[in-house]
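K.L.:
Please find one structure pasted underneath; my questions will follow.
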Amino acid sequence: MYCNLCLIVFHVDFPPPLLLSKLKSEGKPQKQICQVVLDHFEKQYMKELGEAWSRVREVLTSPLCWQYAVLLNKFSYSSELENNLHLKGYHSLFQETLPYLPGSLKCYISRTPGRFPAQKHHIGKLKEYYLLNAASLLSVLALEIKDGERVLDMCAAPGGKSIAMLQCAWPGHLHCNEYDSLRSKWLKQTLESFIPEPLMNLITLSELDGRQIGDLHPELYDKVLLDAPCSNDRSWLFSSDIQQATLRLIQRKELSALQVQLLRSAIEALCPGGSVVYSTCTLSKAENSDVISHILNSCSNVLPVDISELANVVSDEFSLVAGVQPHELLVLPAKGKAWGPMYVAKLKKT
């Protein structure tokens, strides 16, 4: 079972910001920044990111400049929708040749901040698109899923990355796991909204403690995505409860130990030759590169996988930190490229 820390820290999902026009017309107040969290970030990220932090802070603290990508659902494709996106000024996110880019993966973005209208869930009717932070797709692309592979999405809710995986390939089996029961229900509804029933037969849903999956299913999967529970920088900055925010910050330093345990479990669940992609939506070095370094230094059967080609190709659309290791990338939110934070690293089991 996850500790109480995890139950407090993990459930940090934050509703998307309203568009500026809607805010003006309805007179709703903007979200309020939690000063306790911002002060903590100032101290930590000035040290870790240097001058880049001031530019990142400007975006993170201004929800009205955040952007949302539109991931098309190949199982409910609409040419009318695609034409509408073009008319509204959206363009394809991936316009260059990537090391791995399935033709069935279509995602559109706009330079203009805002959010395309969301579609409601209707039983028996598939949605045509999924709204997400475009940086989320980098972990899926880094995984390089192929038809017939056995794939584990270890911490899958709310389901966006699982949906993206299924746009890329037809896995032999996709195991979507989410420990939190409420988030697991959200995950199930997401999958039912986007995936046709016949394909659902290839998907297993579970609510297992991710740290136990390696022992329960040793050397079973070809690919594992560990989008680890983390200190979500965007959400935490707008914590409405100061006491909860303070508690989160106190417990933040313990998260990396949990992430290491989850990553060890992911490696145990991999078959020899299989690969795992580790990702978070935080800028924190302790939860990102330090976790990967710990695993590489302590696991003799794990090697880093170079993803620098992926980073180079997407650098026009994403603001990336320079000087990272070849097996990792870190997306910094920037004006006009308000994607991330997103950390991605890839490892292989020998």
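K.L.:
Filter the range 323-341 down to the residues that are open to solvent by 10 Å² or more (accessible area, probe 1.4 Å) and within 29 Å of G273 (Cα to Cα) and list them by number.
P.N.:
G323, V324, Q325, P326, H327, E328, L330
K.L.:
Right, here's the next one. I need the full set of residues from the range 38-85 which are more than 22 Å from the chain's Cα centre (by Cα), farther than 16 Å from Y108 by Cα and open to solvent by 40 Å² or more (accessible area, probe 1.4 Å), in order please.
P.N.:
Correct list: D39, H40, E42, K43, M46, K47, E51, S54.
K.L.:
Same structure, new question: Can you find a residue in the range 85-103 that is closer than 30 Å to G274 by Cα and either among the small types (G, A, S) or touching a strand residue (DSSP E or B) at 6+ places or on another chain (Cβ under 6 Å) (or both)?
P.N.:
So far as the range 85-103 goes, yes, one or more of its residues are closer than 30 Å to G274 by Cα and either among the small types (G, A, S) or touching a strand residue (DSSP E or B) at 6+ places or on another chain (Cβ under 6 Å) (or both).
K.L.:
Give the residue that is farthest from E149 (Cα to Cα), with candidates limited to residues of the range 269-283 that are buried (at least 20 other Cβ atoms within 10 Å of the Cβ) and over 19 Å from the mean Cα position of the chain (by Cα).
P.N.:
Per the criteria, the residue is A269.
K.L.:
While we're here: Please find, within the range 307-322, the residue that is surrounded by the most Cβ atoms within 10 Å (Cβ to Cβ) out of those that are in contact (Cβ under 8 Å) with a residue 40 or more places away in the chain and touching a Pro at 6+ places or on another chain (Cβ under 6 Å).
P.N.:
For the range 307-322, the residue satisfying everything is L310.
K.L.:
Still on this structure, I have one more. Can you name every residue in the range 50-69 that is under 12 Å from W339 (Cβ atoms) and not in a helix (DSSP H, G or I)?
P.N.:
W66, Q67, Y68, A69
K.L.:
Which pairs have Cβ atoms under 8 Å, sit 6 or more apart or on different chains, and link a residue in the range 171-190 that is of a type in the set (D, E) to one that is open to solvent by less than 40 Å² (accessible area, probe 1.4 Å)?
P.N.:
E178/C155; E178/A156; E178/A157; E178/S184; E178/L187; E178/S206; D180/F10; D180/A157
K.L.:
Tell me which residues, restricted to the range 160-184, are open to solvent by less than 20 Å² (accessible area, probe 1.4 Å) and not in a helix (DSSP H, G or I).
P.N.:
A169, P171, L174, H175, C176, N177, E178
K.L.:
Now a separate question. Show the residue pairs meeting these rules: Cβ distance below 8 Å; 6+ apart or different chains; first residue within the range 227-255 and within 25 Å of C176 (Cα to Cα); second residue in a strand (DSSP E or B) and polar (S, T, N, Q).
P.N.:
D227/S279; D227/T280; A228/S279; A228/T280; C230/T280
K.L.:
From L258, L226, which residue is among the aliphatic types (A, V, I, L, M) and either assigned to a helix (DSSP H, G or I) or out of contact with any Ser or Thr (no Cβ under 8 Å at 6 or more places or on another chain) (or both)?
P.N.:
L258
K.L.:
Would you please name the residue that is surrounded by the most Cβ atoms within 10 Å (Cβ to Cβ), looking only at residues in the range 86-131 that are aliphatic (A, V, I, L, M) and within 22 Å of F194 (Cβ to Cβ)?
P.N.:
L105
K.L.:
Do you know which residues across the range 221-236 are over 11 Å from the mean Cα position of the chain (by Cα) and under 23 Å from Q32 (Cβ atoms)?
P.N.:
S231, D233, R234, S235, W236, listed by residue number.
K.L.:
While we're here: Does any residue of the range 196-206 turn out to be within 30 Å of A311 (Cβ to Cβ) and either part of a helix (DSSP H, G or I) or out of contact with any His (no Cβ under 9 Å at 6 or more places or on another chain) (or both)?
P.N.:
The answer is no, given that none of the residues of the range 196-206 is within 30 Å of A311 (Cβ to Cβ) and either part of a helix (DSSP H, G or I) or out of contact with any His (no Cβ under 9 Å at 6 or more places or on another chain) (or both).
K.L.:
On the given criteria, is A157 assigned to a loop (DSSP other than H, G, I, E, B) and buried (at least 20 other Cβ atoms within 10 Å of the Cβ)?
P.N.:
Yes: the conditions hold for A157.
K.L.:
Taking only the range 106-145 into account, find how many residues are of a type outside the set (V, I, T), part of a loop (DSSP other than H, G, I, E, B), at pLDDT 95 or above and over 19 Å from K337 (Cβ atoms).
P.N.:
Total meeting the criteria: 5.
K.L.:
Given the options L255, L220, name the one that is open to solvent by less than 10 Å² (accessible area, probe 1.4 Å) and either modelled with pLDDT of 95 or more or aromatic (F, W, Y) (or both).
P.N.:
The match here is L255.
K.L.:
Separate question: Using the structure shown, decide if A142 is among the small types (G, A, S) and over 24 Å from V331 (Cα atoms).
P.N.:
Judged against the criteria, A142 is not a match.
The values are calculated or read from the model by the stated rules, or taken from the named source; none is laboratory data. Keep in mind that what you see is a predicted model, and the values were worked out from it rather than measured. Cβ: placed from backbone, ideal geometry, glycine included. Neighbour counts: every protein chain shown. Ligands, DNA and RNA are stripped out before the accessible areas are found, and what is left, the full protein with its side chains, is counted by its heavy atoms. Shrake-Rupley method; radii C 1.70, N 1.55, O 1.52, S 1.80 Å.
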